[in-house]
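Notes follow the structure.
The values are calculated or read from the model by the stated rules, or taken from the named source; none is laboratory data. Please read these numbers as outputs of a predicted model, since none were measured by experiment. Counting neighbours? That spans all protein chains shown, and the Cβs are built from the backbone with ideal geometry, glycine included. SASA here: full protein model, heavy atoms, side chains in, ligands and nucleic acids out. Shrake-Rupley method; radii C 1.70, N 1.55, O 1.52, S 1.80 Å.
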Amino acid sequence: MATIGVQEIRPPTLSPTSEPPPLFDGTTRLYMSYTCPFAQRVWITRNHKGLQEKIKLVPLDLQNKPAWYKEKVYPENKVPSLEHNGKVIGESIDLIKYVDTNFEGPSLVPNDPAKKEFGEELIKYVDTFTKDVFGSFKGEPVIQTTASFDYLENALGKFDGPFFLGEFSLVDIVYIPFIERFQFAFSELYKHDITAGRPKFAIWIEELNKNDAYKQTKLADPQEFVAFIKKIFLGQK
Ligand SMILES: N[C@@H](CCC(=O)N[C@@H](CS)C(=O)NCC(=O)O)C(=O)O
């Protein structure tokens, strides 16, 4: 289905009473959740490469996951996972690269070796970045995350163009689901704009908000993420 400018109809979320899909029938399936930032990475990748017809979304209810997912599909019991060519593989960053390499559509890795190298550096940094931000919620988030957000602002100055490697790439996909959530949470909880004083970061978000592959995947209700932060990190109801 071509989805440019039109919201793709999101298939219903599967719960324990839902029948499992017919595993290994030749269909390529992305097991995911509409609220999981890791799954969102692979979903954006699929959309960017125009694979909406080739990779079917199988959304799961993470609060109430069907038992068959762990038993029959992916023993690690996490999303995302991809069913392709008779096997199921996981890990979001590996999956972005797998989909990029094994399917048609515009490449997500630039040819320039300097960009490739910097891309890997930024990808390595993402877990440190997200841990730093999540960890800050129990303390002084705005102050404690200054260096981490500044790191991204500085990284955006390395190549010409609004994206981390100049042109849109897998690095943008790796970060944006988390930035989407953090931007909203900082604004709601602390009335703080994470792009203030970070002009390149502001443009990066603006550019991504124009990108249809990403727009299709944005959280339907970002307040759910704020509720999660309040419950898990702030001990609030
Ligand atoms: N390192 C994994 C992390 C995936 C992950 O932690 N996914 C979460 C949902 S956002 C999950 O499935 N957790 C298990 C659960 O909720 O039961 C990746 O990058 O794919």
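Couple of notes before you dig in:
- Residues satisfying the stated conditions in the range 77-111, i.e. of a type in the set (V, I, T) and within 16 Å of the ligand (Cβ to nearest atom): V79, V88, I89, I93, I96, V99
- Residue check, N102 surrounded by fewer than 16 Cβ atoms within 10 Å (Cβ to Cβ) and in contact with a His (Cβ under 8 Å, 6 or more places away or on another chain): yes
- Residues that are surrounded by 12 or more Cβ atoms within 10 Å (Cβ to Cβ), outside any loop (DSSP other than H, G, I, E, B) and hydrophobic (A, V, I, L, M, F, W, C) within the range 60-91 comprise L60, L62, W68, V73, L82, V88, I89, listed in sequence order.
- Residue, nearest to E8 (Cα to Cα), within the range 51-76, restricted to residues that are under 19 Å from the mean Cα position of the chain (by Cα) and more than 14 Å from the ligand (Cβ to nearest atom): Q52
- Yes/no for K158 being among the basic types (K, R), over 15 Å from the mean Cα position of the chain (by Cα) and under 30 Å from E188 (Cβ atoms): no
- Of K215, K210, K191, all but one fail to be on the phi > 0 side of the Ramachandran plot and either polar (S, T, N, Q) or surrounded by fewer than 16 Cβ atoms within 10 Å (Cβ to Cβ) (or both); the exception is K191.
- Among residues of the range 19-32 that are in the same structural domain as L60 (by TED's automatic domain parsing), those with a beta-carbon under 9 Å from a residue that is among the acidic types (D, E) and open to solvent by less than 40 Å² (accessible area, probe 1.4 Å) at least six positions away or on a different chain give the pairs P21/E83; L23/E83; F24/E83; T27/E83; T28/E83; R29/E83; L30/E83; Y31/E83.
- For the residues F137, F149, F118, the requirement of being farther than 24 Å from I232 by Cα and either within 12 Å of the ligand (Cβ to nearest atom) or assigned by TED's automatic domain parsing to the domain that holds L189 (or both) singles out F118.
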